[in-house]
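Enquirer: My structure is below; once you've seen it, I'll send some questions.
The values are calculated or read from the model by the stated rules, or taken from the named source; none is laboratory data. Bear in mind the structure is a predicted one, so any value in this text is a computation, not a measurement. As a convention, Cβ positions derive from the backbone with ideal geometry for all residues, glycine included, and neighbour counts pool all protein chains shown. What goes into the accessible areas is simple: the full protein's heavy atoms, side chains included, and nothing from ligands, DNA or RNA. Shrake-Rupley method; radii C 1.70, N 1.55, O 1.52, S 1.80 Å.
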Amino acid sequence: MPLFGGIEAGGTKFVCVVGSGPTRILARERFPTTTPQETLARVVDFFRPYADDLQALGVGSFGPVDLHPDSPTHGFITTTPKPGWQHTNVKGFLEDALHVPVMFETDVNAAAWGEHRWGAAQDVDTFVYVTVGTGIGGGAVVNGRLVHGLVHPEMGHMRVPHDWEADPFQGTCPFHGDCLEGLAAGPALAARWGMRGELLPDDHPAWDLEARYLGLAVANLVCVLSPQRIILGGGVMRRTTLFPRIRRVVQDVLAGYVRDPALEEQIEAYIVPPALGDDAGVLGALALAMDAPSQD
Ligand code: ZN
């Protein structure tokens, strides 16, 4: 039976699966991200028993990463702040060790691809997947294709209006301070309010502010890409009471200018959680492997 592998290569954990679809997963493992040597060796150990039947691997990786097929560093994690992982040749290492083609993507593009194949974006061809967790990142599918462009989208580092009087917090991004990620990712919540987001009650002012920033970002995405759907995932979005608040902010900010029922009476089907939940990334990586050109 032809088998495929999916790898969610995250900054804190790796998840690996072998199979050929969400209902056909033969094996699965997760382990913490340590050094590149140790972590990639565990990946190889996981896949080696299946190597004879493996057709391709897909990787959705934390980044920044090099996605240019013609680049000498294609398939590398490049200038990441994560210690030890700068300039790590993930794709080359796995191809050499397992002798299978490796499809390499950003973590959020992989998650978007998973939602397109099996999840909340099967019926649209232009949409955005944004994860709000330890960081904020976004992947985009436009006209049925993942967007790479110059490097790859870095939606988490867009600027959103920051009212310093209402929110004097300076932001946590080491590059920009108060970019979207600096203001609204999990570490920003924790630093601003002095406790982890999970511990803040639903009626805490943190959540209106969080919805404000995320709603501003979503409105920007609507204006730039005209997506047919926006999927919001990641640990912070497990706070499901954020969804109605974000939808309201988006409608307020757009002020009726962008006209479509999706932004009006159907907005609950427009800004949605990932249908694959926490598995969007690893299943998306599997979907990428299944799309790899055949080797025969
Ligand atoms: Zn930033």
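Enquirer: As a test of the formula, what do you get for the chain when each DSSP H run with n ≥ 4 contributes -39,500 (n - 2.57) and the sum is divided by the residue count, at 222 nm and rounded to the nearest 500 deg cm²/dmol? Intermediate results must be reported in sequence, preceding the final value.
Expert: Details: 8 runs with 91 residues, N = 296.
Helix contribution divided over all residues of the chain: -9500 deg cm²/dmol.
Enquirer: GNM on the chain, C-alpha springs below 10 Å: top fluctuator among Glu95, Glu198, Glu38?
Expert: Among Glu95, Glu198, Glu38, the largest GNM mean-square fluctuation belongs to Glu38.
Enquirer: Amide H to amide H under 5 Å from Ala56: which residues, 5+ apart in sequence or cross-chain, H placed 1.01 Å off N in plane?
Expert: Long-range HN contacts for Ala56: Gly5.
Enquirer: Right, another one. How do 9-20, 239-250, 278-289 rank on mean C-beta neighbours within 10 Å, highest first? Before the final figure, lay out each step's value.
Expert: Values: 9-20: 20.3, 239-250: 17.7, 278-289: 28.4.
Final packing ranking: 278-289, 9-20, 239-250.
Enquirer: May I pose another question? Suppose every K and R has +1 on its Cβ and every D and E has -1 on its Cβ; what is the size of the dipole of the chain about the Cα centre, in Debye to the nearest 20?
Expert: It works out to roughly 280 debye.
Enquirer: Also: Using modelled amide H (1.01 Å from N, peptide plane; none on Pro or chain starts), what sits under 5 Å from the amide H of Gly84, excluding residues fewer than 5 places away?
Expert: none
Enquirer: So with the 1.4 Å probe, I'd like the accessible area per residue for the chain, rounded to whole Å².
Expert: Values: 13650 Å² over 296 residues.
Heavy-atom SASA per residue in the chain reads 46 Å².
Enquirer: In percent, how large is the relative contact order of the range 120-273, given Cα pairs closer than 8 Å and 6 or more residues apart?
Expert: Details: 241 pairs, mean separation 40.0, N = 154.
Result for the range 120-273 is 26 percent.
Enquirer: Roughly what would the spin-label model give for Ser20 and Met195, points 7 Å off Cα along C-beta, in nm?
Expert: 5.1
Enquirer: Around Phe14, which amide H atoms from residues at least 5 apart in sequence, or from another chain, sit under 5 Å from its own amide H, with H modelled in the peptide plane?
Expert: When sequence neighbours closer than 5 places are left aside, the close amide H contacts are Phe31, Thr33.
Enquirer: Mind checking Rg over Rh on the chain, alpha carbons, Kirkwood formula for Rh? Provide the component values of the computation, followed by the final result.
Expert: Details: Rg = 19.1 Å, Rh = 19.6 Å.
Answer for the chain: 0.98.
Enquirer: Here's another thing I want to ask about it. Under 10 Å, Cα contacts only: if you run a Gaussian network model on the chain, which one of Thr172, Thr131, Thr35 comes out with the highest mean-square fluctuation?
Expert: Judging by the Gaussian network model, the answer is Thr35.
Enquirer: Still on this structure: Give me D for the range 120-273 in µm² s⁻¹, whole number, from Stokes-Einstein with Rh from the Kirkwood sum over alpha-carbon pairs, 25 °C and 0.890 mPa s.
Expert: Values: Rh = 15.7 Å.
Stokes-Einstein gives a translational diffusion coefficient of 157 µm²/s.
Enquirer: Same structure again: Calculate what fraction, in whole %, of the accessible area of the range 120-273 sits on carbon and sulfur atoms when a 1.4 Å probe is rolled over the protein chains. List each step's numbers first, then the result.
Expert: Details: 4050 of 7530 Å².
Carbon plus sulfur share of accessible area: 54 percent.
Enquirer: Once a ≥ b ≥ c are taken as the square roots of the eigenvalues of the Cα gyration tensor of the range 81-166, is the result rounded (a/c under 1.5), prolate (a/b larger than b/c) or oblate (a/b not larger than b/c)?
Expert: Values: a/c = 2.50, a/b = 1.28, b/c = 1.95.
Oblate is the answer for the range 81-166, as a/c is 1.5 or above yet b/c matches or exceeds a/b.
Enquirer: Assuming 0.36 nm per residue, please report the length gained on full extension of the stretch Tyr257 to Asp163 beyond their Cα-Cα distance. Let's see the in-between values first.
Expert: Working: separation 94, 0.36 × 94 = 33.84 nm, distance 2.33 nm.
Gain on extension, Tyr257 to Asp163, equals 31.5 nm.
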